[in-house]
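To keep things clear, I will list the structure first and then write my remarks on it.
The values are calculated or read from the model by the stated rules, or taken from the named source; none is laboratory data. Here the structure is a predicted model, which means the values were calculated and not measured. Please note: Cβ atoms are built from the backbone with ideal geometry, for glycine as well, and neighbour counts cover all protein chains shown.
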């Protein structure tokens with residue numbers, strides 16, 4: 001097997017699960033236990049849904065039972081409220097995996113999710129244009 005430098009790398013059993021630069025590779029389904037949907041909760045994790053650590057999350061003993069990816073997401077949420085897309089980018093995980101992990105955290109009471117504003121409640125585009133025009137006139 002050749003590496004990028006043209007040299008030979010020893011063929012190691014299971015080497016398809018190891019990248020010399022990245023280290024061991026873990027398939028997304030391994031992080032979620034093979035699940036692709038975020039649990040039985042009825043919360044949809046839109047990319048712009050905001051995730052915040054609950055005011056009274058379960059204690060450290062319960063948190064110790066979580067996987068490393070769950071704890072990583074909690075650490076990111078403790079620093080500041082983040083969207084699902086930001087969490088996926090900051091944790092360097094696929095969005096689908098983050099949604100499943102957030103479902104676990106939500107069901108366990110570690111986080112709360114606030115839905116984005118529905119489009120029907122957003123101001124009319126005409127009003128926004130009038131505000132922009134008014135600001136430009138100043």
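Key figures
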read-out: Filtered residue count, segment 23-64, keeping only those that are at pLDDT 70 or above, surrounded by fewer than 10 Cβ atoms within 10 Å (Cβ to Cβ) and under 17 Å from residue 116 (Cα atoms); value: 0
read-out: Test: residue in segment 9-18 that is out of contact with any helix residue (DSSP H, G or I) (no Cβ under 7 Å at 6 or more places or on another chain), at pLDDT 65 or above, part of a loop (DSSP other than H, G, I, E, B) and exposed (fewer than 11 other Cβ atoms within 10 Å of the Cβ); value: no
read-out: Of residues in segment 68-114 being free of Cβ contacts under 8 Å to residues at least 40 places away in the same chain, touching a strand residue (DSSP E or B) at 6+ places or on another chain (Cβ under 7 Å) and not in a helix (DSSP H, G or I), the one surrounded by the fewest Cβ atoms within 10 Å (Cβ to Cβ); value: 81
read-out: Segment 115-130 - residue that is surrounded by 11 or more Cβ atoms within 10 Å (Cβ to Cβ) and under 30 Å from residue 72 (Cβ atoms) and, of those, modelled with the highest pLDDT; value: 115
